[in-house]
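Each reported figure results from applying straightforward, stated rules to the coordinates on display, with no laboratory input. All values derive from a computational prediction rather than experimental measurement. Using ideal geometry, Cβ is built from the backbone for each residue, glycine included, and neighbour counts are taken over all protein chains shown.
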Amino acid sequence: MYGDQKTVRKILTELGDTWAVVGLSDNRERAAYGVAAVLRGFGKRVVPIHPKAGTVHGEQGYPSLSAVPFEIDVVDVFVNSGLAGQVADEAVAAGARAVWFQLGVIDEAAYERTRAAGLDMVMDRCPAIEIPRLG
């Protein structure tokens, strides 16, 4: 419902390889850390977006999407649903091509706004689960 298989495939294979992962820190216990590792294993450049903005998986972090000095293709969102809509709006403003809300992150109004702005979007799915399925 929040991203058919065609959209999932398009985001993972056609829209570019630079992924900003919002909520990614160097905490190895967090899901974002493992998902970032999987994405990197499939050739994605993973840029951490976190208020503390450390280096994760060898990539310099930034405190916000607006602070990233280069083009972002996909914004992967690891924040709770109450904050996710603001991140989606920031992704649109930053010129991203797609937004991906992680498992359990749902904001239907943000989905509608993001799609209306011309971006592809998936909600309540995990790219680390979906990318190996592509074959």
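Assorted remarks:
- Asp76 long-range amide H proximity, modeled H, under 5 Å: Ala20, Val21, Val22, Trp100
- Each label was represented as a point 7 Å from its Cα along the Cα-to-Cβ direction; for Asn80 and Leu103 these points are 1.9 nm apart.
- Cleavage-rule hits (trypsin sites (Lys or Arg not before Pro)) in the stretch 1-75: DSSP loop, at most 15 neighbouring Cβ within 10 angstrom: Arg28, Arg30, Lys52
- Comparing Val99, Val87, Val38 in a Gaussian network model of the chain (Cα springs below 10 Å), the most mobile by mean-square fluctuation is Val38.
- Charges were assigned to the Cβ only: +1 to each Lys and Arg, -1 to each Asp and Glu. The resulting dipole of the stretch 5-134 about its Cα centre is roughly 320 debye.
- The value given for the chain is a Kirkwood hydrodynamic radius of 14.3 Å, derived from the mean inverse Cα-Cα separation.
- The sum of -39500 (n - 2.57) across all DSSP H runs of n ≥ 4, divided by the residue count of the chain, sets its helix-only mean residue ellipticity at 222 nm to -10000 deg cm²/dmol.
- Stretching the chain fully between Ala53 and Glu71 yields a gain of 4.7 nm (0.36 nm per residue, less the alpha carbon separation).
- Normalising the average separation of contacting C-alpha pairs (under 8 angstrom, six or more residues apart) by the number of residues puts the relative contact order of the chain at 25 percent.
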